[in-house]
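Here the structure is laid out as structure tokens; the discussion comes afterwards.
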Amino acid sequence: MSKIFIAIDGGGTSTVGVALARGGVLAHKRSTASNPHDIGEDAAISLVCKMASELVSEARAKTDADEIYLFAGISGVIGREERFEAALRAAVGGTVSVKSDIYNLFGLVERENCAALICGTGRVCFIKKGGELYRVGGWGYLLDGAEGGGFAIGRAGLLAALRSRDGRIGKTELVDAARRYLDCDVTEAIAKIYEGGKTYVAGFAPYVMEEAEKGDPEAQTVLSETVLGLSEMLSCAADRLGDGFDCILSGGLIRHNGLGDMIAAATAHLRVNFITPSLPQIAGGIRRAFALGGESITKSELEGYVNNIRK
């Protein structure tokens, strides 16, 4: 009896899903954010179940397989896994497992003990040791402090621009950078900033990082605080894993203006082996979906599936 494998990767920006049979991609879907912290638990469950149902329907139109194995890694799902699983079983049947999207990321590398540092809109570090998962940070933009993710960087940059316009600090290039991003002076954009919310504020982070690279002192201060906060997280990982541990780097900000290199320099004393995966997180979900069905998957097979999805 043949099998259909479903993998879903849901985050604060988008949700990706894929249906596969051994040897080929049957369906592929992309939708909006599915983090229950951002859109609400009911809306997140509805989005994920709709995607899963569509994937199964399209897959069954192309194959006579009738065994379903579904793995969903969803950001913000910790503590809600059972409700998501019950809803997905009702929607598509089969064998279902729902966990944090960090499991998709860990699924990209085969390490028993390692850490993962994610720096996107927010930032969080997960530590995997002896089958247990430990978390450092990632408590949301209201609680995570003033350093680390895109929201914190963007907020600090906009605040520096406002302070400069007030005369509380000297001139900073962040004033002009904010004008380019906001299409108006920062003092005229308060309503726009509040309406846009955390994602809009986080969108200013690349501008701050660019000005820091050019040498603006205020932007460099923001980035230094960012690196310090991320370094503290990795120090916590070293407390559990020991110096010289493996750490996966992920998130959009890691790729901007050498942030990864700055983190590596700040944590050189920990001798961290940083790993930047070449495959997207959905690939880790695919590996876990196959494992649910009692099957393994080679790296070349996984790369082949991902290449078909990207077409």
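Below are the figures for this structure:
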quantity	calculated
Cα pair count fraction exceeding 31 Å, expressed as % - the chain	36
The chain: most fluctuating residue of L230, L253, L142 per GNM, C-alpha cutoff 10 Å	L142
Coil-residue trypsin sites (Lys or Arg not before Pro) of the stretch 216-303, DSSP, other Cβ within 10 Å capped at 15	R271
Accessible surface of the chain, 1.4 Å probe, proportion on carbon and sulfur as whole %	48
L228-R179 FRET efficiency (beta carbon distance; Förster radius 25 Å; 0.05 resolution)	0.30
For the stretch 207-252 and the stretch 10-72, distance of Cα centres in Å	33
Under 10 Å, Cβ to Cβ, from V124 - net charge with Lys/Arg +1 and Asp/Glu -1	+1
Cα-based Rg / Dmax (Å) for the stretch 1-160	17.1, 62
Label point 7 Å beyond Cα of A21 along Cβ direction - residues of the stretch 58-89 with amide nitrogen under 16 Å	58-69
The stretch 145-214: trypsin sites (Lys or Arg not before Pro) falling in loop per DSSP and having at most 12 other Cβ within 10 Å	R168, K171
Overall Cα dimensions of the stretch 156-197, principal axis frame, Å, largest first	28, 17, 16
Per-residue ³J(HN,Hα) for the stretch 32-38, Karplus 6.51 cos²θ - 1.76 cosθ + 1.60, θ = phi - 60°, Hz, x for Gly and Pro	7, 4, 10, 6, x, 5, 8
Calculated FRET value between R240 and K50, using beta carbons and R₀ = 45 Å, to 0.05	0.70
Loop-resident sites, the stretch 105-189, for GluC sites (Glu not before Pro), counting at most 11 other Cβ within 10 Å (DSSP)	E110, E112
Net +/- balance of residues flanking E211 in space, Cβ distance below 11 Å, scoring K and R +1, D and E -1	-4
The chain: most fluctuating residue of I45, I190, I78 per GNM, C-alpha cutoff 10 Å	I190
Nitroxide proxy distance, nm - points 7 Å out along Cα→Cβ at K171 and T187	1.7
Gaussian network model of the chain, Cα within-10 Å springs - most flexible of S75, S235, S296	S296
FRET E, pair Q220, R89, Förster distance 41 Å, beta-carbon r, rounded to 0.05	0.20
Three principal axis lengths of the stretch 24-104 [C-alpha, angstrom, descending]	37, 22, 21
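The values are calculated or read from the model by the stated rules, or taken from the named source; none is laboratory data. These numbers were taken from a predicted model, which means no experiment stands behind them. Using ideal geometry, Cβ is built from the backbone for each residue, glycine included, and neighbour counts are taken over all protein chains shown. These accessible areas exclude ligands, DNA and RNA; they are computed on the full protein's heavy atoms, side chains included. Shrake-Rupley method; radii C 1.70, N 1.55, O 1.52, S 1.80 Å.
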